Structures are given as C-alpha cells and as structure tokens.
Amino acid sequence: RKEVEQDPGPFNVPEGATVAFNCTYSNSASQSFFWYRQDCRKEPKLLMSVYSSGNEDGRFTAQLNRASQYISLLIRDSKLSDSATYLCVVNSKGGYNKLIFGAGTRLAVHP
Amino acid sequence: DAGVIQSPRHEVTEMGQEVTLRCKPISGHNSLFWYRQTMMRGLELLIYFNNNVPIDDSGMPEDRFSAKMPNASFSTLKIQPSEPRDSAVYFCASTRDRQGYEQYFGPGTRLTVT
C-alpha cells in the first residue's frame with residue numbers, strides 16, 4: 001500500500017464549478033499535511049498547509065480527519081487557471097522534514 | 001530573493017556516461033532534498049541533507065547514484081554510469097529545519113539518457 005494515495009483523475013470541470021479532491025495516508029504518526037500544486041512541466045509549489053481544525057484560503061478549503069487518516073481539498077468557483085495537478089503531501093514517520101508526496105490528482109477546468 | 005537554483009535545466013546524454021546535476025539552495029535553508037519525478041512513479045525522495053550531512057539516503061536507487069553537499073550553498077547528484085531508466089525530472093528542494101515548513105523546489109533538471 002502506498003503511504004499517500006490519491007485519485008489520479010483527471011477531473012474535467014467547467015468554470016465556476018466546485019470540485020473536491022481526497023487523499024488518504026497510512027502513517028498515523030504523521031503531524032504535518034499539505035497540498036502542493038504542480039503546473040505542467042513546472043516544479044511543485046505549496047498551495048496550503050492543512051490544519052486539524054480545517055482551514056480556508058480564498059476559494060480553497062482544506063480538511064483533515066485524523067481518525068480516518070483522510071485529507072481533502074475543496075475548490076469553489078473554479079477558474080481556468082486552477083488547471084494543474086494537486087499533490088497531497090504528508091510528513092514521514094521518523095523525520096519531520098521528510099515529506100511523502102502522493103501521485104497527484106489532475107484537474108482540467110474548461111470554459 | 002533567488003529561489004532554489006538548479007543546473008543544467010536539460011541534459012541529454014548517452015547510456016554509460018556520467019551525469020552531474022547541481023543545486024544551490026535558498027540562503028539560510030539548512031535542509032536540502034533531491035527528488036526524482038517520472039510518470040510511472042511520481043515524485044520520489046532520493047536523499048535528504050540536514051546541515052550538509054546526509055540524513056536519509058534510503059531512496060537512492062542503487063550504487064550508480066551518489067550525492068554530496070560540501071557546503072551550505074551547493075549540492076550535487078551524480079549518476080555514473082547512466083542508464084535509459086534514469087530518464088526523469090530531478091528536483092532539488094530546500095527548507096528551514098523546522099516541522100511544517102514549506103519546501104521550496106527548484107525548476108528541475110530534465111534528464112534524458114539515450
């Protein structure tokens with residue numbers, strides 16, 4: 001079983017739609033959680049950290065369920081510029097700086 | 001501020017040749033990571049340095065791969081001899097040594113081994 005699992009997609013949605021991505025992780029001792037965004041042929045960049053109480057940044061909302069070892073990302077009012085791959089990221093057991101990246105979920109927003 | 005700098009951006013080489021990838025982390029960051037990304041395997045951590053010391057090299061595929069960090073501002077990843085299956089994008093990332101801090105990635109080196 002992979003340490004971080006995501007639905008690869010692609011999710012094809014029209015502009016203005018709401019879309020949700022899910023992610024599960026296997027290490028119950030993980031303490032840090034993130035969503036990174038990667039554009040085609042570019043490097044990954046931090047989108048947002050995920051906190052236990054859930055957090056929101058504009059159109060983006062992240063949720064964490066420690067009991068189920070489940071992380072989600074909700075994007076409201078999708079824009080064309082949201083088209084990218086979204087990587088679920090969890091810190092690894094035994095090293096708080098070591099991150100494990102999911103394979104990513106691809107989002108394509110169309111007019 | 002300059003971000004993480006990697007060179008070369010693209011490398012095409014023949015099987016059996018030595019390849020050296022270079023990385024300059026962000027000034028003040030004391031953790032450095034080398035990753036490899038392919039369509040099949042996604043983003044994989046190869047090796048992680050903290051204060052120039054290799055902490056975890058469990059992701060290094062085999063003895064053909066080696067990495068060094070002679071000082072806080074420079075690291076290399078070497079493949080010798082290279083093989084076609086090494087073709088991938090290699091990213092370097094850096095961060096401060098604190099839990100939960102963002103890792104900043106360089107633009108990557110796209111390696112093709114023919």
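Odds and ends about this structure:
- A cut-off under 11 angstrom between Cβ atoms defines the neighbours of residue B:8, and their net charge, with Lys, Arg +1 and Asp, Glu -1, is +2.
- Summarising the label geometry, the points placed 7 Å from Cα in the beta-carbon direction at residue A:56 and residue A:70 lie 2.1 nm from one another.
- Under 13 Å of direct C-alpha separation, and excluding same-chain neighbours fewer than eight residues apart, residue B:68 reaches these aspartates and glutamates: B:56, B:57.
- Peptide B:27-36 - average C-beta neighbours from other chains (10 Å radius): 1
- Sequence-separation-based contact order of chain A, relative, with Cα cut under 8 Å and 6+ spacing, percent: 37 percent
- Isolated cysteines of chain A, defined as having no other cysteine beta carbon under 4.7 Å away, are A:40.
- Residue A:7-residue B:102 FRET efficiency (beta carbon distance; Förster radius 25 Å; 0.05 resolution): 0.55
- Spatially proximal lysines relative to residue A:79 (Cα-Cα < 25 Å; intrachain offsets below 8 disregarded): A:42, A:45
- Once the chain from residue B:68 to residue B:52 is taken as fully extended at 0.36 nm per residue, the excess over their C-alpha distance is 4.9 nm.
- B:83, B:62 arranged by Cβ crowding within 10 Å, fewest neighbours leading: B:62, B:83
- Modelled spin-label separation between residue B:10 and residue B:114, with each label point placed 7 Å from Cα along the Cα-to-Cβ direction: 1.3 nm.
- The residues packed around residue B:93, meaning those with a beta-carbon under 10 Å from its beta-carbon, carry a net charge of -2 if Lys and Arg are +1 and Asp and Glu are -1.
Only the coordinates and a few stated rules stand behind these numbers; no lab work does. As the structure is a computational prediction, the values presented were derived from the model and not from experiment. Note: ideal-geometry Cβ built from the backbone for every residue, glycine included; neighbour counts use all protein chains shown.
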